[in-house]
Amino acid sequence: MEDERAAIGVLGPVDPHARSRVRVGWRAQRPPRPIVSAWLGDRAIGPTQHTTVAAIWAIWARAGWSGWPGCRVQWSWSWSVGGAAGRSRIRETVPMSAEYTQSDQFRDARIHMCDLSGLEIRDCDVTGLKIVDCYGGNVSLGGGFERVVVNDVDVTAYVEAELDRLHPNRVLAREATSAAEYRAAWDAIEKQWEETLDRARRLPEAKLHEQVDGEWSFVETQRHLLMAADAWIGNAVLEEDAPYHPLGLPGGGMPAEASAKLGLTLDATPTLDEVLAPRLARMATVRRAVDGLTEAELDRVCGRKPADPYPDKDYVVRRCLTVVCKEEAEHHRYAVRDLTVLEAGARTE
């Protein structure tokens with residue numbers, strides 16, 4: 001019985017003929033605010049009652065305070081049993097929302113002794129992020145980082161070199177500056193997608209709509225690359241009258257209402273062939289654009305920005321082409337990574 005009580009957080013009473021009183025309080029810190037604390041309430045328990053963590057939570061809830069999202073809370077209680085008295089405490093995490101979007105509430109915060117297993121950080125500025133004395137398995141890190149240090153070892157150059165070795169088109173896309181270099185980069189992009197599309201077609205259609213570890217499916221990737229070229233080439237560079245195809249899929253940072261204004265149907269579920277019709281047509285448009293490039297054209301300031309949600313500033317043709325080439329190279333890397341998983345799954349089904 002004593003072991004069971006310890007497991008569920010039973011606090012007393014220890015004397016079957018005594019009455020006791022439990023007082024519950026909180027003590028929490030959310031930088032840069034100071035530590036604050038207060039008693040929330042108390043509860044009398046009789047000789048045959050036990051007070052559990054759940055009972056303490058009931059007092060907490062009745063006080064109408066649920067904490068700040070993500071802060072660490074130290075629960076405290078005291079009790080008196082007959083002539084004896086005591087104090088104890090247990091640490092619990094305030095329940096957090098499933099998702100936080102476009103918030104700065106975690107900037108400069110300090111998270112200490114928290115269970116962050118399964119935490120996903122996506123499309124965020126993590127400049128200065130520091131993870132110290134933490135532990136766990138299957139930690140995955142991906143993005144555009146200027147410098148990454150792991151256990152005091154700067155691994156930035158190693159990671160970039162390994163990625164370039166495995167995906168050499170990244171170098172062509174990243175380093176192109178002249179008209180000839182952009183043409184060479186686009187040649188390589190066309191070739192890699194031709195081979196990868198042949199590979200993808202060997203899978204059942206359903207597999208091409210399957211997401212691996214929550215990332216975009218193969219079809220969604222094609223939709224996103226369609227949108228990228230529509231925005232950066234069709235709208236910004238070529239200033240077309242109707243540059244955006246409805247099947248285009250923007251990045252997760254674009255608000256739904258902004259996507260709707262562009263005529264995008266985010267909830268569409270097209271087949272691969274339905275997406276490839278406009279996607280390959282747009283790739284052909286980019287081919288014509290790079291074939292006609294001159295050095296003067298590369299330095300031209302575009303008359304439009306890629307889309308309304310983008311910042312108001314000058315967009316030069318050179319930059320627009322670089323963005324599209326890098327998008328193609330990086331998303332091809334993601335696509336072949338996930339195709340490998342999908343192919344393995346198809347073989348076992």
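The values are calculated or read from the model by the stated rules, or taken from the named source; none is laboratory data. Please read these numbers as outputs of a predicted model, since none were measured by experiment. As a convention, Cβ positions derive from the backbone with ideal geometry for all residues, glycine included, and neighbour counts pool all protein chains shown. SASA here: full protein model, heavy atoms, side chains in, ligands and nucleic acids out. Shrake-Rupley method; radii C 1.70, N 1.55, O 1.52, S 1.80 Å.
With a cut-off of 8 Å between alpha carbons and a minimum separation of six or more residues, what is the relative contact order of segment 104-255 in percent? Before the final figure, lay out the partial values.
Details: 70 pairs, mean separation 17.2, N = 152.
Relative contact order, segment 104-255: 11 percent.
Give me the lysines in straight-line cross-link reach of LYS191: C-alpha distance below 19 Å, same-chain residues under 8 apart excluded.
Candidates past the 8-residue exclusion: LYS326.
Amide H to amide H under 5 Å from VAL150: which residues, 5+ apart in sequence or cross-chain, H placed 1.01 Å off N in plane?
Those qualifying (amide H under 5 Å, at least 5 residues apart or on another chain) are VAL155.
Take each of the peptides 208-215, 338-345, 107-114, 125-132, average the number of other beta-carbon atoms within 10 Å over its residues, and list them starting from the highest. Each step should come with its number before you reach the end.
Numbers: 208-215: 13.6, 338-345: 15.1, 107-114: 10.5, 125-132: 8.4.
Peptide ranking by packing, descending: 338-345, 208-215, 107-114, 125-132.
Taking only protein heavy atoms and a 1.4 Å probe, what accessible area per residue, in Å², does segment 185-317 have with all protein chains in place?
With the other protein chains kept in place, segment 185-317 gives 48 Å² per residue.
Tally Lys and Arg at +1 and Asp and Glu at -1 over the other residues with C-beta under 11 Å from the C-beta of VAL155: what net charge comes out?
-3
Enumerate the lysines that LYS261 could reach by cross-link, defined here as Cα to Cα under 20 Å, with residues fewer than 8 away along the same chain left out.
Leaving aside lysines fewer than 8 places away in the same chain, those within reach of LYS261 are LYS305.
Take the alpha carbon atoms of segment 206-266, find their center, do the same for segment 156-176, and report the distance between the two centers in whole angstrom.
Here the two parts' Cα centres lie 25 Å apart.
Using mean Cβ contacts within 10 Å as the protection proxy, how do 148-156, 135-143 order, highest first?
Details: 148-156: 10.7, 135-143: 7.9.
Peptide ranking by packing, descending: 148-156, 135-143.
List the relative contact order of segment 195-348 as a percent without decimals, with contacts defined as Cα pairs under 8 Å and 6+ residues apart.
Numbers: 164 pairs, mean separation 44.8, N = 154.
29 percent.
Can you tell me which aspartates and glutamates have their Cα less than 17 Å from the Cα of LYS313? Leave out same-chain residues fewer than eight positions away.
Once the sequence-local aspartates and glutamates are set aside, what remains near LYS313 is GLU239, ASP299.
Given the Cα-Cα distance of VAL149 and ASP108 and 0.36 nm per residue of separation, how much length would full extension add, in nm? Show your work: numbers first, answer last.
Details: separation 41, 0.36 × 41 = 14.76 nm, distance 1.90 nm.
Gain on extension, VAL149 to ASP108, equals 12.9 nm.
Report ³J(HN,Hα) in whole Hz for each residue of segment 315-324, in order, from the Karplus equation J = 6.51 cos²θ - 1.76 cosθ + 1.60 where θ = phi - 60°; Gly and Pro get x.
10, 8, 3, 4, 5, 4, 5, 5, 4, 5
Measuring from centroid to centroid over Cα atoms, what is the spacing of segment 296-349 and segment 125-150 in Å?
24
Leaving ligands, DNA and RNA out of it, report the carbon-plus-sulfur percent of the accessible area of segment 109-221 at a 1.4 Å probe. Mind showing how you got there, number by number?
Details: 4270 of 8460 Å².
Carbon and sulfur together cover 50 percent of it.
Note down the nm distance, to one decimal, between modelled labels 7 Å out along Cα→Cβ at ALA284 and at ASN138.
Modelled inter-label distance: 4.4 nm.
Determine Rg/Rh for segment 131-175; Rg is computed over alpha-carbon atoms and Rh is the Kirkwood hydrodynamic estimate from the same atoms. Let's see the in-between values first.
Numbers: Rg = 12.9 Å, Rh = 12.4 Å.
Looking at segment 131-175, the ratio lands at 1.05.
Modelled label-to-label distance, ILE131 and GLN211, 7 Å Cα→beta-carbon offset: nm?
So the label points at ILE131 and GLN211 sit 2.1 nm apart.
Could you calculate the contour length gain from GLU257 to TYR158, that is, 0.36 nm times the residue separation minus the distance between their Cα atoms, to one decimal place in nm?
Working: separation 99, 0.36 × 99 = 35.64 nm, distance 4.09 nm.
Full extension from GLU257 to TYR158 adds 31.5 nm.
Quick one: which of 240-252, 294-306 comes out on top by average Cβ neighbours within 10 Å, and what's the full order, highest first? Walk me through the numbers on the way to the answer.
Working: 240-252: 17.2, 294-306: 14.2.
Output ranking for 240-252, 294-306: 240-252, 294-306.
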